[in-house]
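S.K.: Below is one structure. I have some questions about it.
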């Protein structure tokens, strides 16, 4: 996780692969993220099954993963065929090949919540040791995932600053204004077009690039 901390995608991939290797009973793993104001998103699935199970839960707005995220608890399903907490979900999950499931709240930031979801085709695949190991993994994964998010945000901020700087330079040369005046032009364009400042700046930069470089 430490080696891949600069990339959220790579960090999540390491987490799910580690879960299959380390958690007793786990055959498949995936991560669900839900950003504030947006729908659930499946990430880093080790096979097609976790994504299919996630899509089913998103459609029904119910299931082990959804409950783990919003209720902030760990959910274990020993036999999906005899599960009555989410009858509509459980019957379809069995058809997809998931007989046991373990959902662990992954982490929470100001904007994002998530869960680590483990699946097995066997009944009673997860025991107390599975829960303990998955919970420990989720705790370590939380720090790694948050670090990756912050690293990506930092890089995006640097990239935005560079683009805005380039755009200011272009406007200063084109219109004979100083840095403050160029920034004011970008800000006005941002407001008039209802676009982010970085998007406006990028459009300015793109406008002076040769076609083959765009």
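Since every read-out is calculated from the coordinates, none of them should be taken as a lab result. A quick note: this is a predicted structure, and the numbers were derived from the prediction, not measured. Every residue, glycine among them, receives a Cβ derived from its backbone with ideal geometry; neighbour counts consider all protein chains shown.
S.K.: Rounded, prolate or oblate for segment 154-213? Axes are the square roots of the Cα gyration tensor eigenvalues, ordered a ≥ b ≥ c, and the cut-off for rounded is a/c under 1.5.
M.R.: rounded
S.K.: Is the shape of segment 35-147 rounded, prolate or oblate, going by the alpha carbon gyration tensor and its root eigenvalues a ≥ b ≥ c, with a/c under 1.5 for rounded and a/b larger than b/c for prolate?
M.R.: The shape class here is oblate.
S.K.: Running a GNM on the chain with Cα contacts under 10 Å, which residue among 188, 99, 85 ends up with the highest mean-square fluctuation?
M.R.: The residue that fluctuates most here is 188.
S.K.: Compute the acute angle (0 to 90°) between the alpha-carbon long axis of helix 87-96 and the principal axis of greatest extent of the alpha-carbon atoms of the chain; round to the nearest 10°.
M.R.: Result, in degrees: 90.
S.K.: Note the angle between two axes, namely the Cα long axis of helix 48-60 and the longest principal axis of the Cα atoms of the chain, as a number of degrees from 0 to 90, rounded to the nearest 10.
M.R.: That works out to roughly 80 degrees.
S.K.: Which residue fluctuates the most in the chain, going by a Gaussian network model with Cα springs under 10 Å, if the choices are 143, 89, 183?
M.R.: Result for the chain, Cα springs under 10 Å: 183 fluctuates most.
S.K.: Where does each of 32, 74 land when they are ranked from fewest to most other beta-carbon atoms within 10 angstrom?
M.R.: 74, 32
S.K.: Choose one answer from 62, 84, 178: the residue with the largest mean-square fluctuation in a GNM of the chain with alpha-carbon springs under 10 Å.
M.R.: Judging by the Gaussian network model, the answer is 178.
S.K.: What value, in deg cm²/dmol to 500, does the helix sum -39500 (n - 2.57) over DSSP H runs of n ≥ 4 give at 222 nm once divided by the residues of the chain?
M.R.: It comes out at -19000 deg cm²/dmol, rounded to the nearest 500.
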